[in-house]
1. I need a count of the residues in region 153-176 that are under 17 Å from the mean Cα position of the chain (by Cα) and over 20 Å from residue 31 (Cβ atoms).
2. Output the number of residues of region 1-32 satisfying the condition of being hydrophobic (A, V, I, L, M, F, W, C), away from ligand 1 (no atom under 16 Å from the Cβ) and within 14 Å of residue 187 (Cα to Cα).
3. Could you list, in sequence order, all residues of region 65-106 that are within 16 Å of ligand 2 (Cβ to nearest atom), in a loop (DSSP other than H, G, I, E, B) and charged (D, E, K, R)?
4. Just to be sure, is residue 120 within 29 Å of residue 10 (Cα to Cα), within 16 Å of ligand 1 (Cβ to nearest atom) and free of Cβ contacts under 8 Å to residues at least 60 places away in the same chain?
5. Need pairs with beta-carbon distance below 7 Å; first residue more than 22 Å from residue 105 (Cα to Cα) and within region 42-56, second more than 10 Å from ligand 1 (Cβ to nearest atom); sequence gap 6+ or separate chains.
6. Pairs, please: C-beta under 6 Å, at least 6 apart or cross-chain, first residue within 19 Å of residue 104 (Cα to Cα) and more than 7 Å from ligand 1 (Cβ to nearest atom) and in region 127-144, second hydrophobic (A, V, I, L, M, F, W, C) and assigned to a loop (DSSP other than H, G, I, E, B)?
Amino acid sequence: MTHQAKQLLRQSLKKLRRNLSRSQRHDASIAVWLRIIEQSFFKEAQHIALYMPIQGELDTKPILQTSARLGKNIYLPIVKPEASTLDFYHYTLKMKMAMNQYGILEPPEQASEYIEPQKLDLVFVPLVAFDAHCRRLGMGKGYYDRTFAFHQPLSKPMLVGLGYAFQEVPLVPSNETDIALDKVVTHQAIFENPKA
Ligand SMILES: Nc1nc2c(c(=O)[nH]1)N(C=O)[C@@H](CNc1ccc(C(=O)N[C@@H](CCC(=O)O)C(=O)O)cc1)CN2
Ligand SMILES: Nc1ncnc2c1ncn2[C@@H]1O[C@H](COP(=O)(O)OP(=O)(O)OP(=O)(O)O)[C@@H](O)[C@H]1O
C-alpha cells in the first residue's frame, strides 16, 4: 500500500520537476541559496555534504561556491549500488568528476578523501516530495535512508532537504525505515521537523 502510494506520488512530482523552465529553476535555486546562507546551521557547519543535481532538482552550485569561499569542507555522495548506500568523499572545485550509472557527477574515489557520515555537520538532501513534518520522498532506492539509518533528531549531522514549494504534499506515506529530515528549505519557506 505505502509502496504503491509512494510510486504514484513519485511519478507525478518527478514529472513536474523535470518540466520546470530554466528560469524557474534558476530563480528558485537563488532564493533557496539566499535563505540558506543566512542560517546559523549553515554558518556554523564546517563539513557539509551537497549533491550534484539531476532531473530539474534545485541547483546546489551557489551553495557550493559560497561554502568553498568560506573555507568549508564540501563532500559529495558516491553511490554504492551493491549495498544501496552512499559514501561521502571530499570535493574540491578543480576536481575531475566522473559520472555514475544515474548520470550524477561524483568525485574520483581514488583521488578524494572518505568521511564517515557521522562526522558530517550538515547534509543537504535532494527530494522528490516532502510534507510539513519533514517526511521525505526520494528517488525510490533508499540510498539516503540506509546511509543515515543511525540518525537521531537533534544529533549530528543535520539533514536539510532542498525543494520547490510545489513539492510539498499533505502527507508523505512513510514506514519505519524512512529517515525524517530535520528541516526542509524551499524558495518560500523553511519547514522544521516537530521532533527535532
Ligand atoms: N542529485 C541527486 N543525487 C543523488 C540522489 C538524488 O536523488 N539526487 N540520490 C537519492 O537517493 C542518490 C541516487 N539515487 C537515485 C535513484 C534513482 C535514480 C533514477 O534515475 N532512477 C530511474 C529509474 C531507473 C533505474 O532504476 O535506474 C529514473 O528515475 O528514471 C537516480 C538517482 C544519490 N545521489
Ligand atoms: N534502513 C533500511 N534498511 C533496509 N531497507 C531499507 C532501508 N531504508 C530503505 N529501505 C528500502 O529501500 C527501498 C526504497 O525506499 P524508499 O522508497 O523510501 O526510497 P527513497 O527514500 O524514496 O529513495 P532515495 O533515498 O534513494 O532517494 C524500500 O524498499 C525500503 O524498504
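1. Step one: of region 153-176, the residues under 17 Å from the mean Cα position of the chain (by Cα) are 153, 156-168, 172.
From what is left, the residues that are over 20 Å from residue 31 (Cβ atoms) are 153, 156-159, 172.
Residues in region 153-176 being under 17 Å from the mean Cα position of the chain (by Cα) and over 20 Å from residue 31 (Cβ atoms): 6 in total.
2. Pass one, region 1-32, residues hydrophobic (A, V, I, L, M, F, W, C): 1, 5, 8-9, 13, 16, 20, 28, 30-32.
Now drop any that are not away from ligand 1 (no atom under 16 Å from the Cβ), which leaves 1, 5, 30-31.
Still in the list and also within 14 Å of residue 187 (Cα to Cα): 30-31.
The total comes to 2.
3. Initial filter on region 65-106 (within 16 Å of ligand 2 (Cβ to nearest atom)): 76-88, 100-104, 106.
With in a loop (DSSP other than H, G, I, E, B) added as a condition, the list becomes 81-84, 100-104.
Once the filter is applied, which keeps residues that are within 16 Å of ligand 2 (Cβ to nearest atom), in a loop (DSSP other than H, G, I, E, B) and charged (D, E, K, R), region 65-106 yields only 82.
4. Working: within 29 Å of residue 10 (Cα to Cα): yes; within 16 Å of ligand 1 (Cβ to nearest atom): yes; free of Cβ contacts under 8 Å to residues at least 60 places away in the same chain: no.
No, not satisfied.
5. Between residues of region 42-56 that are more than 22 Å from residue 105 (Cα to Cα) and residues that are more than 10 Å from ligand 1 (Cβ to nearest atom), the close pairs are 42/36; 42/122; 45/72; 45/121; 45/122; 46/72; 46/73; 46/121.
6. 137/128; 137/172
Yes/no per residue for (1) surrounded by 20 or more Cβ atoms within 10 Å (Cβ to Cβ); (2) under 16 Å from the mean Cα position of the chain (by Cα):
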{"position": "50", "(1), (2)": "yes, yes"}
{"position": "62", "(1), (2)": "no, yes"}
{"position": "83", "(1), (2)": "no, no"}
{"position": "93", "(1), (2)": "no, no"}
{"position": "111", "(1), (2)": "no, no"}
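Yes or no, residue by residue, for (1) assigned to a loop (DSSP other than H, G, I, E, B); (2) modelled with pLDDT of 95 or more; (3) over 18 Å from residue 130 (Cβ atoms):
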{"residue": "7", "(1), (2), (3)": "no, yes, no"}
{"residue": "30", "(1), (2), (3)": "no, yes, yes"}
{"residue": "48", "(1), (2), (3)": "no, yes, yes"}
{"residue": "53", "(1), (2), (3)": "yes, yes, no"}
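The values are calculated or read from the model by the stated rules, or taken from the named source; none is laboratory data. Please read these numbers as outputs of a predicted model, since none were measured by experiment. Note that each Cβ is placed from the backbone with ideal geometry, even for glycine, and that neighbours are counted across all protein chains shown.
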